[in-house]
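Below is one structure; the comments refer to it alone.
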Amino acid sequence: MTQSSMSFVRDKMLTQQKPPVSEVGAVRWVRENLFSSPLNGFLTLISLYVVYWIIASSLPWFLNGVWTANSLGECRQIIEANAGPGAEGACWAILRERWHQFLFGFYPMDAYWRPVLAFGLMLMALAPALYYGLRRVNMLMLGTVSVLTLLGMLGVGTDGFHLLLSVVVFAALFAVAALMPKKLLWLTLVYPLVGFYLLWGGSVWGPVGVAIGFGLLVVVWNKLQSRLGAVVAGGIAVAVALIWWLQVQPMVTTPLAHMMPIRLMSVDSDQFGGFLLSFVIGVTAVSASLPMGLLLALGRRSDMVFIKSVSVVFIEFIRGVPLITMLFTASLLLNYFLPPRSNFDLILRVIILVTFFAAAYIAEVIRGGLAALPKGQSEAADALGLDYWQAQRFIILPQALKISIPGIVSSFIGLFKDTTLVALVGLADPLQGITKMVRADINWKGVYWEPLLFVGVIFFIFCFGMSRYSMYLERKLKTDHR
Amino acid sequence: MNTPAIDRSKMTVSDEVAIQVTNMNKWYGQFHVLRDIDMTVNRGERIVICGPSGSGKSTLIRCINRLEEHQQGQIIVDGTELTSDLKNIDKVRSEVGMVFQHFNLFPHLTIMENLTLAPIWVRKTPKKEAEETAMYFLEKVKIPEQAQKYPGQLSGGQQQRVAIARSLCMKPRIMLFDEPTSALDPEMIKEVLDTMIELAEEGMTMLCVTHEMGFAQAVANRVIFMDQGQIVEQNEPKEFFNNPQSDRTKLFLSQILGH
């Protein structure tokens, strides 16, 4: 082809050739990511040195770790004997001796199986809600959790009767999961009462009475709703349930408790501690704050002035106050506002205020999701004749919640970690309360990193799990632009 | 537009009044957006509403199913007056279908779910029956094979046809179209207009806000021209296009037909 000619005809097609070595595989990756310019190369070298320095200074500490010893002094002796004088090492023996306090606080030792069982059942109750209708996932979850829970119960020591009972319950749940997976949601519904009974103990008839009250509420509402409308029927249903709980229930359950004394040893709230406490507060507050935040978000966007202003005042007030203030309110002030002689459990008070706190934040996250929806969506729902609640339930909330998932899960993770703040009102959280108490032991005085690492790792596992679940959910619900 | 094969046998206007608007006024804050609107629509009429942007034509038809609230005057749809009474509003909305410029399909639901949601929850139709109706209308708009897809997987023209089918599933007696082709590519405009023509051939009462003058000439029995929130001129399409009376109409027609 000459330089100036305009016409050109190719007479031989070129075959594919391999790219140069510097453009493929590991070499290319290193070139592009680590040494793409002199500055980047320099930074890479510095980073490598920092990584080396961290590993070099902490690895011996981990490697020299001692698992069997009765005190910090003994730990140090063993480490010196093994690694020479002046060597440092981790004293994991403290965890070996005190792990149960990190997990259960001061819960009675012979009843450790109850929190273990409650935790296992909680995971099982979460599965149908988190993986709704996915039969195989639910069966897998249930099977794995059953086995682990039973092993855990064996590990902490359980009497034969309750172990057998648990096996039977697990088998029944597994059968339900296999045959009618959607019915498993019932477990999710009754779990709060089961969990309460397992953890706090007492007579079984108390929780049963509460459950009957909720049953009455639902039945009355269902019967009246079509005739009287949702609001009036709801009011009557709540009234009926309240009459049952306050007036009738004690008259029924007290004799029943005498006739059929099915009960577990009662455990007081001040015996709760460690991760048991974190989970009780965290899980309850998380599950209660989502519906509450939802209603607040809808309320804030409502046209009705009263509902709107109540929501706005609630959200802004709660968000404007630090959580610690709220916790102090829970522990000190709330008692002044409650009727005299009503002895409100401290954990319950803390749960209520933590729930309010989380609900206010979640309401704002969801409001962001609601605001992101085009106006046409609610107009289309209106034009089709859907009423407000139908439009919210089928059209608006599914889309708004999907947008808000990352924000909601962030709030949940923050809330779960914030449960450690209850140390400030004298509850034994795993990070401060238990760690401080364990260090106060003359044998373990001076232990610093080990308990913190242990608690940190457990928190990380659960928070990371939540984060991964939210990513799974986002992928699963992605239907718009495929 | 060359659509010679329009079947006019069922395109008849009856004496029965479908929509009666009397002395209706509406304001957005201080802005008087609709002024003294008087309009009677008989059953079977196919009305095209046109006018410059901001003339209030969309607002007018959005008042008819009360997506917008009017402050003065009276709107009676199928014998039900629109007031702040929610029951009346819901009744009117379930009788009046609406198609939007931006389709407004529900992106998180499949096409089938988009079509059956309102019949199941508003009309209380059994699910199976609702799905059969939905398939019937999907075949009518010629996209039955898309039933299990999501709106995001369809082209604009297909989405708008689904939106029409979604309204039809409620078996409405009146259809409102709010610039149904304005967001579409030229190629897709035709498939949507064809669907609307078919609907007209079946005798549906239709109010269309549109700038498709070919459609107006072929299908409409009346054209309404609006400007500054008022009805400036209305007439049969032939008269309206060939012999416009007011200067404003002449100017508007010269601008949209002149290029």
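A few comments on the model shown:
- Each peptide among B:40-51, B:241-252 gets the average number of other Cβ atoms lying within 10 Å of its residues, and from highest to lowest they stand as B:40-51, B:241-252.
- Farthest towards the positive end of the charge dipole of the stretch B:116-251, among the residues B:Ala134, B:Thr210, B:Asn235, is the Cα of B:Ala134, using unit charges on the Cβ of Lys, Arg, Asp and Glu.
- Volume of the Cα convex hull of chain B, divided per residue and given in Å³: 139
- Couplings for the stretch A:75-89, taken from phi via the Karplus curve 6.51 cos²θ - 1.76 cosθ + 1.60 with θ = phi - 60°, read 3, 4, 4, 4, 4, 5, 5, 7, 10, x, x, x, 6, 10, x Hz in order; Gly and Pro are left as x.
- Ordering A:139-151, A:455-467, A:45-57 by mean Cβ neighbour count within 10 Å, with the highest value first, yields A:139-151, A:455-467, A:45-57.
- Highest GNM mean-square fluctuation among B:Tyr136, B:Tyr28, B:Tyr150, for chain B modelled with Cα contacts below 10 Å: B:Tyr28.
- Residue-averaged beta-carbon neighbours from other chains (10 angstrom radius) around B:106-115: 4
- Each residue of the stretch A:353-365 is assigned a 3J(HN,Hα), and the resulting list reads 6, 5, 4, 4, 4, 5, 4, 5, 5, 5, 4, 6, 4 Hz, derived from the Karplus form 6.51 cos²θ - 1.76 cosθ + 1.60 (θ = phi - 60°), x at Gly and Pro.
- Among B:Glu16, B:Glu68, the ranking by other beta carbons within 10 Å of each residue's beta carbon, starting with the fewest, stands as B:Glu16, B:Glu68.
- For chain A, a simple Cβ point-charge model (Lys and Arg +1, Asp and Glu -1, everything else neutral) yields a dipole of about 1300 debye relative to the Cα centre.
- Convex hull per residue volume in Å³, alpha carbons only, for the stretch A:1-102: 261
- 10 Å Cβ neighbours from other chains, averaged over peptide B:92-104: 4
- Compactness of the stretch A:291-337 as Cα Rg over 2.2 N^0.38 Å, two decimals: 1.37
- Taken over the Cα atoms of the stretch B:164-228, the convex hull encloses 105 Å³ per residue.
- Cα-based equivalent ellipsoid of the stretch A:398-482: semi-axis lengths in Å, sorted from largest, via gyration tensor: 38, 14, 6
- Contact order normalised by residue count of chain A, Cα under 8 Å, 6+ apart, percent: 15
- A:Ile362 sits among other residues whose Cβ lies under 14 Å from its own Cβ, and their net charge, with Lys and Arg +1 and Asp and Glu -1, is +1.
- Anisotropy class of the stretch A:328-482 from Cα gyration tensor, a/c 1.5 cut: oblate
- Computed over the stretch A:8-58, the P(r) tail beyond 15 angstrom holds 66 percent of alpha carbon pairs.
- Derived scalar couplings between HN and Hα for the stretch A:23-38 equal 10, 10, x, 4, 4, 5, 4, 4, 4, 6, 9, 10, 10, 6, 8, x Hz in order, rounded to whole Hz, by the Karplus curve 6.51 cos²θ - 1.76 cosθ + 1.60 (θ = phi - 60°), x for Gly and Pro.
- Under 5 Å, built H, 5+ apart or other chain: amide partners of B:Thr125: B:Ile120
- Among the cysteines of chain A, those whose beta-carbon sits 4.7 Å or more from every other cysteine beta-carbon are A:Cys463.
- The stretch A:38-91, relative contact order in percent, only Cα pairs under 8 angstrom and at least six apart counted: 34
- The Cα atoms of the protein assembly as shown define a convex hull whose projected area, averaged across directions, is 51.8 nm².
- Top of B:Lys57, B:Lys171, B:Lys124 by mean-square fluctuation, Gaussian network on chain B, Cα under 10 Å: B:Lys124
- Helix-derived mean residue ellipticity, 222 nm - over chain B, DSSP H n ≥ 4, -39500 (n - 2.57), to 500: -11000 deg cm²/dmol
- Averaged over A:396-406, number of beta-carbon atoms from partner chains that fall within 10 Å: 1
- Separation between Cα centres of the stretch A:451-482 and the stretch B:183-259, rounded to whole Å: 55
- Summarising the amide proton neighbourhood of B:Met226: residues at separation of 5 or more, or on other chains, whose placed amide H is nearer than 5 Å comprise B:Cys50, B:Gly51, B:Val232.
- Among A:Met124, A:Met304, the ranking by other beta carbons within 10 Å of each residue's beta carbon, starting with the fewest, stands as A:Met304, A:Met124.
- The protein assembly as shown - share of DSSP beta bridges that are antiparallel (%, nearest 5): 55
- Each Lys and Arg contributes +1 and each Asp and Glu -1, all at the Cβ; summed about the Cα centre of chain B, the dipole is approximately 400 debye.
- In terms of other Cβ atoms within 10 Å, B:Lys128, B:Lys190 run from fewest to most in the order B:Lys128, B:Lys190.
- Debye, to nearest 20: dipole size of the stretch B:190-259, +1 on Lys, Arg Cβ, -1 on Asp, Glu Cβ: 300
- Cα-based shape type of the stretch A:38-91, given that a ≥ b ≥ c are square roots of the gyration tensor eigenvalues and the cut on a/c is 1.5: prolate
- Dipole of the protein assembly as shown [Lys/Arg +1, Asp/Glu -1 at C-beta], most positive-end residue of A:Val66, A:Gly215, B:Pro151: A:Val66
- Tail fraction, Cα-Cα pairs, the stretch A:166-303, threshold 21 Å, whole percent: 63
Bear in mind these aren't lab numbers, they're just calculated from the coordinates by the rules spelled out. As the structure is a computational prediction, the values presented were derived from the model and not from experiment. Neighbour counts are summed over all protein chains in view; Cβ atoms, including those assigned to glycine, are modelled from backbone coordinates with ideal geometry.
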